[in-house]
Amino acid sequence: MTAIKVLVGNHVQQRGAVTHRWRPRAVAAIFGLALIGNVCAFAPIAAAAAASAPANVDVFRDQASKVGARTCANLYEALGQGLTRGAAFSVKTEANQGAPDAHIVQGVLGMTYDLPDLKGAAGGVVLAAPGAGGCEGYLVRVAPFQQPCAEVVRLLPAGSVVGQSLSGVWQYQLGGAQGQALMIPSGSACVVVTLSGMTQRP
């Protein structure tokens, strides 16, 4: 990625219209990616979310548009909102200056949580790129929990299934097709990496 433009913003996100689509607030903020899990019918979901959301929830779409990445701005917005639910955050948006609509638009985020089961700093990345059939995107969130991974597992959405151990790091498929989680032990704490993708069709 060359000759990038960068915008930085500080925001606190809250959602209203689609609260019923998520599990209880703390779990949704940590793992709930109901809007993100390989959804093709993107436009109706985005419209419902925007209808009663506070003005600052458009920050991702606005930043993508300002760097010229307009084709996938709506997908970038949906991914960003899924990533930051329940957190105060700052985001830096970057795109290829020469041809922003032909390449990846990327957001790098710092987040702060103050939830019953998750407090403190976390980080994340949002990516959205155009393709032959629309746009495809992905998010990654890294959040440290001040409790053992065995306890954090209890917070996973219903229907989550343990996968394989990758060099001692357990992978979980999140219930409701909400993506994946990696549980990384760190002393008495647990670092959770949440991953999920989404597709936007014309």
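All conditions but one from (1) over 29 Å from Ala69 (Cα atoms); (2) modelled with pLDDT under 90; (3) touching a Gly at 6+ places or on another chain (Cβ under 8 Å) apply to Gln173; the one that does not is (2).
Condition check ((1) open to solvent by 60 Å² or more (accessible area, probe 1.4 Å); (2) of a type in the set (S, T, N, Q); (3) within 23 Å of Glu77 (Cα to Cα)) across all residues:
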{"position": "Leu139", "(1), (2), (3)": "no, no, yes"}
{"position": "Phe145", "(1), (2), (3)": "no, no, no"}
{"position": "Arg154", "(1), (2), (3)": "yes, no, no"}
{"position": "Ala158", "(1), (2), (3)": "yes, no, no"}
{"position": "Val161", "(1), (2), (3)": "yes, no, no"}
{"position": "Gly168", "(1), (2), (3)": "no, no, no"}
{"position": "Gln173", "(1), (2), (3)": "yes, yes, no"}
{"position": "Leu182", "(1), (2), (3)": "no, no, no"}
{"position": "Leu195", "(1), (2), (3)": "no, no, yes"}
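Selection of the stretch 83-97 for residues being assigned to a strand (DSSP E or B) and of a type in the set (Val, Ile, Thr) yields Val91, Thr93.
Taking first residues from the stretch 163-178 that are farther than 23 Å from Gly137 by Cα and partners that are surrounded by fewer than 14 Cβ atoms within 10 Å (Cβ to Cβ), the Cβ contacts under 7 Å between residues at least 6 apart in sequence or on separate chains come to Trp170/Val162.
Could you go through the stretch 83-98 and let me know if any residue there is among the β-branched types (Val, Ile, Thr), under 11 Å from the mean Cα position of the chain (by Cα) and open to solvent by 30 Å² or more (accessible area, probe 1.4 Å). Steps first, please.
Kept after step one, since they are among the β-branched types (Val, Ile, Thr), are these residues of the stretch 83-98: 84, 91, 93.
Applying the additional criterion that residues be under 11 Å from the mean Cα position of the chain (by Cα) yields 84.
Within this subset, residues satisfying the condition of being open to solvent by 30 Å² or more (accessible area, probe 1.4 Å) are none.
Looking for residues that are among the β-branched types (Val, Ile, Thr), under 11 Å from the mean Cα position of the chain (by Cα) and open to solvent by 30 Å² or more (accessible area, probe 1.4 Å), one finds none in the stretch 83-98, hence no.
Within the stretch 98-117, the residues that satisfy the criterion of being over 30 Å from Arg154 (Cβ atoms), touching a strand residue (DSSP E or B) at 6+ places or on another chain (Cβ under 9 Å) and part of a loop (DSSP other than H, G, I, E, B) are His103, Ile104.
The single condition among (1) in contact with a helix residue (DSSP H, G or I) (Cβ under 9 Å, 6 or more places away or on another chain); (2) surrounded by 17 or more Cβ atoms within 10 Å (Cβ to Cβ); (3) more than 20 Å from Pro157 (Cβ to Cβ); (4) aliphatic (A, V, I, L, M) that Ala78 does not meet is (3).
Only a single criterion out of (1) open to solvent by less than 40 Å² (accessible area, probe 1.4 Å); (2) over 14 Å from the mean Cα position of the chain (by Cα) is not satisfied by Ala150, namely (1).
Kindly evaluate Leu166 against the criterion of being more than 15 Å from Ala64 (Cβ to Cβ) and over 19 Å from the mean Cα position of the chain (by Cα). Criteria met by Leu166. The selection criterion, being of a type in the set (Val, Ile, Thr), more than 19 Å from Tyr76 (Cβ to Cβ) and open to solvent by less than 20 Å² (accessible area, probe 1.4 Å), does not hold for Val126.
Which residues, counting only those in the stretch 46-75, are open to solvent by 10 Å² or more (accessible area, probe 1.4 Å), of a type in the set (Gly, Ala, Ser) and either at pLDDT 95 or above or within 24 Å of Ala132 (Cβ to Cβ) (or both)? If the condition is that a residue be open to solvent by 10 Å² or more (accessible area, probe 1.4 Å), of a type in the set (Gly, Ala, Ser) and either at pLDDT 95 or above or within 24 Å of Ala132 (Cβ to Cβ) (or both), then Ala46, Ser65, Gly68 are the ones that fit.
The values are calculated or read from the model by the stated rules, or taken from the named source; none is laboratory data. Worth saying up front: this structure is predicted, and the values here are computed from it rather than measured. We place every Cβ from the backbone using ideal geometry, glycine too, and count neighbours over all the protein chains shown. Just so you know, the surface numbers come from the protein's heavy atoms only, side chains and all, with ligands and any DNA or RNA stripped out. Shrake-Rupley method; radii C 1.70, N 1.55, O 1.52, S 1.80 Å.
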